[in-house]
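The values are calculated or read from the model by the stated rules, or taken from the named source; none is laboratory data. All values reported here derive from a predicted model rather than from experimental measurement. When we count neighbours, we look across all protein chains shown, and the Cβ atoms used for this are built from the backbone with ideal geometry, even at glycine. Surface accessibility is based on the protein's heavy atoms, side chains included, excluding ligands, DNA and RNA. Shrake-Rupley method; radii C 1.70, N 1.55, O 1.52, S 1.80 Å.
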Amino acid sequence: MIGPLRARHRWMTTALAVVVPILYVLILSSRLEEHDEGHGSVAPVNASVVEGEFAGRAWRADGRLVFLPDRDPSLPDVLLYWSAVGPVGEDLPANAHLLGALDGDAPRSLAGPPAAGGHLIVYSLGHARVVGTGPAPEEAD
Amino acid sequence: MTETQAKWFLIALGLYLALGLLFAVPFLLKGAAKIDGDAVEGSWGFKLLILPGTVALWPLLLSRWLRFDAAPVERSPHRDAAGEGR
Amino acid sequence: MGHAYRAVGWNRQKKIYDRTLGLGLIAYLVLFVVVGLLRWPEHSEETLALRALGTGALLLLHVILSIGPLARLDHRWLPLLYNRRHLGVLMFCLALVHGVFATVYYHSLTDGNPVVDPLISVLSANQRSDSLAHFPFEIFGVVALAILFLMAATSHDFWLANLTAPVWKALHMLVYVAYASVVLHVALGTLQGETSPVLSGLVGVGVVWVLGLHLVVGWRERGLDRPTTGSPSAEGYLDVAAVDELKDGQAKIVTLSGDRVAVFRNGDEVSVVSNACQHQNGPLGEGRIIDGLIVCPWHGYQYQPRCGRSPEPFTEKIPTFRAQVRAGRVWVHPTPLPAGTDVEPARIGAEA
C-alpha cells in the first residue's frame, strides 16, 4: 500500500475498533432490557386478542406494537403481519405488511402497523398457513 | 425508508443498472480493447467476469472510452514527486 | 501487464486452494443444517439454510480480514494472501444467496409484483430508526452486500489496471465498512431473537479479534513510516543505512518523500526503488531478489532493480532513486525519478 492509504487504513480501523464494540454492547444491552421488561409485563386490559393455534395479546406502546404469545405451540418460522383486510382461509391477503418475526413464547416489540384499523395475522412460514388472527390494536391515548 | 422512498430508490437503481447493461454490450465487444491493450485478446470468460463491474461502473468506463484513454497511471507520493501525471 | 486477460489465472497451487475451500464450505453448510435440524427442531429447513449461508459468509469474512495483518506479523501466512480474492468472491456469493433467499422467503408472500414488491418490503418493512435495538437490521445487510458486490465485481486484474492500484485499494478498503455493517446486521437481526450468550459472545470475540489484530499491526508499523531525517550531503543525499545492515538479495525499508522506499542489496550493488508494486501496491521491500529481479511477495510481480521495470513483455514500472555508498554507509537522494528511469547502482567496496 502507498503511504496515504496506509494512514487512512490506520485511522479507519482505529475508529471502527472504538465504534463497533461500543455499538455492539449498546445494542445487546438494550435487547436485554427489553426482554426483561417484556417478561415482567402483563397485557393491558384493552389489548387486542389474537386467536388461533398461535394465540396471544397485542397492544400499542410508544408507537410500537408489543405481542405477547399465550404459550409456545412450537410452530416453525412465525411472522406477524398487518393487513387492512382479514385473511382468506389459511392464506395471507394481498399486500399484507410484515411487522416482524415472533420468537417462541417470548414477548416481542415490533414496528407499529402502517395505518389505523386493520387486522393482525400470525403466519407460519414453515407450514405456509395462517395460524392466528385478531384485530389490530389502536394507539393508546 | 417509507414504501414510496423505497419504490423510487429501486426505480432509479434499476434504470442505472439497465443503462449499464446496455452499455456493457458494445463495451465488452469493442470498448474494453480500446482502453486496455491486454483486453484485445481477452477470453469470453474474462468478458463475463468483468460484466458485473461494467454494469456497476459504466459512467467511468464510458468517459474513458470517449476520451480514448490508455490505462491510467497510478498516483502516489513518489510518482507525484517525480513529476509524473502532470 | 503485457498478456491477454483470462477469466481466472489458475495454476496448480490456486486449484488446490480453491478445491480445499469449496469442499470445506460444502461440508460446513451441510453440517450446519443437519446438526441444526437435530438440535433445533422448531426451525424449518429454510431458516437453517439461511443461517448456514449467513454464518458461513460471516466466518469467511473473519478469515479474509485476518489474512492481511497475520501476513504482516508472520510471512508464513503469505500463501493465503496470494489467493485472497477467490476467498472474497466466494464469500460474496454466499452473502448474496443469503440475501436473495431471505428476501424471497420473508418478503414475497404478498401477491403483487414478484420482483419489486419483496425488495420494497425489505427496504421499508421496519421503519423505526429512532431506537437503537429496533433500528432496521435489513438496511445494514443491504449496505454490506452492496459493498461486497462492488469488491467482487472489480476483483479481476482488469480493474486493478484500469482503476489503478491506489484507487482499487481505496475501494476495497470499504470492506471495513461492510464488516461493521455485517456486525450491526447480526446484532440487530438474529441476536435480537437468539438470546444465547454463546452466540453473542462468539460474534463479540470475532469483532475483538479482527479489529484488535488490525490495531496491533497498524500501530506497530507506524515506526516504518517516520521520514528519514539527518543532515543531507552536499548533493542532497540522506544517510539511510549502514552497508552491513543490508543482507544480500534483500532490502531495508525507509521512508523518503512521503512514502516507503526499498533499499536493495544485490551482491555488491545497491539499488533503490519505490516500495509499492504497481500491480496491487504490495511491499516490494519485503520481497527478495531472485535471478537478478525483485520479486513482489504478494503475487510474484518482477522488477529489474536498476530501472524499476518489469522484464519484457510486461510493462509495469516503478519510480527509482539515486544511491551512493560512502564510508560503509548507504546514502539515497530523496527525490524520486520518474518510473522506469535507469540508475547506475551504487557499488559496495568501490567507494573513494
GNM flexibility winner over chain A from A:Ala115, A:Ala15, A:Ala43 (Cα, springs under 10 Å): A:Ala15
Check: segment C:238-347 dipole with +1 on Lys, Arg Cβ and -1 on Asp, Glu Cβ, in debye: 160 debye
Positive dipole terminus of segment A:48-135, leading residue within A:Gly52, A:Leu65, A:Gly134 (C-beta point charges): A:Leu65
Sequence-separation-based contact order of chain C, relative, with Cα cut under 8 Å and 6+ spacing, percent: 12 percent
Cysteines having no other Cys beta carbon under 4.7 Å from their own, within the protein assembly as shown: C:Cys93, C:Cys307
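Quick check of the Kirkwood formula: for segment A:82-141, what is the inverse mean of 1/r over all pairs of different Cα atoms, in Å?
Computed over segment A:82-141, the radius equals 12.2 Å.
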Within a Gaussian network of chain C (alpha carbon springs, distance under 10 Å), most fluctuating of C:Glu269, C:Glu235, C:Glu245: C:Glu235
Helix axis angle, B:3-26 relative to chain B longest principal axis, alpha carbon, degrees: 40 degrees
Cα Rg, Dmax (largest Cα-Cα span) when computed across segment C:169-238, Å: 20.9, 71
Gaussian network model of chain A, springs between alpha carbon atoms under 10 Å - residue of A:Gly52, A:Gly86, A:Gly126 with greatest fluctuation: A:Gly126
30 Å Cα-Cα threshold exceeded, pairs from B:Lys34/C:Lys15; B:Lys7/B:Lys30; B:Lys34/C:Lys169; C:Lys14/C:Lys169; B:Lys7/C:Lys169: B:Lys34/C:Lys15; B:Lys7/B:Lys30; B:Lys7/C:Lys169
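How high is the relative contact order of chain A, in percent, with contacts defined as C-alpha pairs under 8 Å that are six or more residues apart?
Computed over chain A, the figure is 25 percent.
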Residues whose placed amide H lies under 5 Å from that of A:Val131, excluding near-sequence neighbours: A:Val122, A:Tyr123, A:Ser124
Cα centre as origin, Lys/Arg/Asp/Glu Cβ charges: the protein assembly as shown dipole, Debye: 2340 debye
Rg/Rh for segment C:238-347, where both radii come from Cα atoms and Rh is the Kirkwood radius: 0.93
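Give the dimensionless ratio obtained when the Cα radius of gyration of chain A is divided by 2.2 N^0.38 Å.
Output field value: 1.39.
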Residues with amide H under 5 Å from that of C:Arg326, placed H, sequence gap 5 or more: C:Trp331
Within chain B, helix-based [θ] at 222 nm, where runs of 4 or more DSSP H residues each add -39,500 (n - 2.57), nearest 500: -19500 deg cm²/dmol
Dipole magnitude of segment B:23-68 about its Cα centre (Cβ charges: Lys, Arg +1; Asp, Glu -1), debye to nearest 20: 180 debye
A:His127 accessible area, assembled protein chains, probe 1.4 Å, Å²: 90 Å²
Mean ellipticity per residue at 222 nm, deg cm²/dmol - from DSSP H runs of n ≥ 4 across chain A, formula -39500 (n - 2.57): -10000 deg cm²/dmol
Approximate shape of segment C:148-296 as ellipsoid semi-axes (Cα gyration tensor, √5λ), whole Å, largest first: 41, 19, 14
Intensity falloff of chain B expressed as log10 I(q)/I(0), Debye formula with alpha-carbon point scatterers, at q = 0.13 Å⁻¹: -0.58
Around C:Thr315: net Lys/Arg minus Asp/Glu count, Cβ-Cβ under 11 Å: -1
Two-site label geometry, C:Trp10 and C:Leu38: point separation in nm, points 7 Å out along Cα→Cβ: 3.5 nm
Two-site label geometry, C:Val198 and A:Ala15: point separation in nm, points 7 Å out along Cα→Cβ: 3.8 nm
Estimated FRET transfer efficiency when R0 is 25 angstrom, pair C:Ala170-C:Trp209 (beta carbons, to 0.05): 0.50
Cβ-Cβ FRET estimate between B:Phe68 and C:Arg329, R0 fixed at 56 Å, reported to 0.05: 0.70
Kyte-Doolittle at least 0.0, axis length at least 30 Å by Cα - qualifying DSSP helices, chain C: C:12-39, C:45-73, C:84-107, C:197-220
Cα-based Kirkwood hydrodynamic radius, the protein assembly as shown, one decimal, Å: 27.1 Å
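Can you pull the semi-axes for segment B:23-68, root of five times each eigenvalue of the Cα gyration tensor, sorted largest first, whole Å?
Square roots of five times the eigenvalues give 15, 13, 7 Å.
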Unit Cα scatterers, Debye sum, chain C: log10 I(q)/I(0) for q = 0.07 Å⁻¹: -0.41
